[in-house]
Amino acid sequence: MATVFITGGSSGIGKELAKLFARKGYDLVLLSKNMENLKAAKREIEEKFSVNCTLIQCDLRNRDDIYRRDIAKIMEEAIPHILINCAGAGKISKTVLLSLEEEEKMLNLNLISPIILSRIFLDIFLKKKKGNAKGAIINICSMASIYPHPYLAGYSGSKAGLLFYSLSLNEELRREKSEISVFSICPGTVSTNFFHETTKKKFGWMSRYSMSPERAAVEIVKSFEKNKTFTIIGRENRIMFKLLGLFPIMTRIRILGKILGKGI
């Protein structure tokens, strides 16, 4: 039975992805910092689907926790066919109002930990794979990874790093005719607990255009199954990408700064 390893698998997009892959018959390894939420997700999934669901409590904001939890050993035993780096966090704020500790945790969660897990997966899969087995790393990037987002500077920068890493690694593997593909998938705003309710209210009517986590998960799986290694999901996001592309980069940044400034 094929296995999917999902970070952030206890809620939001990660949980919806877990349910979709369980429906397809994949066993699951779900990782999150909140064990109670993980247990609730496991109960919900195993009541509906005949799959095994393994739980790992790990705080990816602290990259050392990956080694303390010995994620490499767990992954080597499960040998997942798909790794989905879905966990992520950001905060709309003036950068100078964020503590250095907050910035470091955001960088670890959004960039450093996904890179570490991608390398662990890559090394184990290449060593353990049999026959023509194929593997995939799906990195959930963001529209904020494509162009700079004022008032989300740390988040935008970390997601841009993940996007560039993913695209570069995929091309390396393609040139080497590897059986592993790296997918870079960029959603826009999703209706999860990413933004606090008070922040959502400040955006007013724009909040209506947020994508549901269920829809985001469906679009991510579609991109994976169609082997689209770079995807902007959501028609509205693709339109926004094309429209902003008509302007010089500094104009794009000012437009986004004006929009995101409403959330402070």
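The values are calculated or read from the model by the stated rules, or taken from the named source; none is laboratory data. All figures in this text were calculated on a predicted structure; none of them were measured in a lab. Cβ coordinates were reconstructed from backbone atoms using ideal geometry, including for glycine residues, and neighbour counts include every protein chain displayed. SASA here: full protein model, heavy atoms, side chains in, ligands and nucleic acids out. Shrake-Rupley method; radii C 1.70, N 1.55, O 1.52, S 1.80 Å.
Among the listed residues L126, L169, which satisfies the condition of being open to solvent by less than 60 Å² (accessible area, probe 1.4 Å), in a helix (DSSP H, G or I) and not polar (S, T, N, Q)? Working first, answer last.
On the way: L126 fails: open to solvent by less than 60 Å² (accessible area, probe 1.4 Å).
One residue alone meets the criteria, L169.
Each residue in the stretch 228-264 was checked for being open to solvent by 80 Å² or more (accessible area, probe 1.4 Å), free of Cβ contacts under 8 Å to residues at least 40 places away in the same chain and either of a type in the set (G, A, S) or in a helix (DSSP H, G or I) (or both), and 7 of them qualify.
Quick check on my filter: what residues within the stretch 31-43 are touching a residue at least 24 places away in the same chain (Cβ under 8 Å) and out of contact with any helix residue (DSSP H, G or I) (no Cβ under 6 Å at 6 or more places or on another chain)? Before you say what the answer is, go through the steps one by one.
Step one: list which residues in the stretch 31-43 are touching a residue at least 24 places away in the same chain (Cβ under 8 Å), which gives 31-34, 37-38, 40-41.
Of everything in the stretch 31-43, those that are touching a residue at least 24 places away in the same chain (Cβ under 8 Å) and out of contact with any helix residue (DSSP H, G or I) (no Cβ under 6 Å at 6 or more places or on another chain) turn out to be L31, K33, N34, N37, L38, A40.
Are any of the residues in the stretch 76-90 of a type in the set (S, T, N, Q) and farther than 19 Å from I137 by Cα? No, the conditions are met nowhere in the stretch 76-90. Can you spot a residue in the stretch 133-151 that is part of a loop (DSSP other than H, G, I, E, B) and either open to solvent by 60 Å² or more (accessible area, probe 1.4 Å) or charged (D, E, K, R) (or both)? Within the stretch 133-151, one or more residues are part of a loop (DSSP other than H, G, I, E, B) and either open to solvent by 60 Å² or more (accessible area, probe 1.4 Å) or charged (D, E, K, R) (or both). Checking the structure you have, find out if any residue of the stretch 173-184 is open to solvent by less than 20 Å² (accessible area, probe 1.4 Å), part of a helix (DSSP H, G or I) and not small (G, A, S). The answer is yes; a qualifying residue exists.
Does S99 fit the bill of being open to solvent by 30 Å² or more (accessible area, probe 1.4 Å), over 27 Å from G25 (Cα atoms), hydroxyl-bearing (S, T, Y) and out of contact with any helix residue (DSSP H, G or I) (no Cβ under 6 Å at 6 or more places or on another chain)? First the steps, then the outcome.
Details: open to solvent by 30 Å² or more (accessible area, probe 1.4 Å): yes; over 27 Å from G25 (Cα atoms): yes; hydroxyl-bearing (S, T, Y): yes; out of contact with any helix residue (DSSP H, G or I) (no Cβ under 6 Å at 6 or more places or on another chain): yes.
Yes; evaluated as a whole, the condition is true for this residue.
For the stretch 11-52, the tally of residues that are within 27 Å of E101 (Cβ to Cβ), part of a helix (DSSP H, G or I) and either in contact with a Ser or Thr (Cβ under 8 Å, 6 or more places away or on another chain) or open to solvent by less than 30 Å² (accessible area, probe 1.4 Å) (or both) stands at 5. Scanning the stretch 53-92 for residues that are of a type in the set (S, T, N, Q) and either modelled with pLDDT under 95 or surrounded by 20 or more Cβ atoms within 10 Å (Cβ to Cβ) (or both) yields a single hit, N85.
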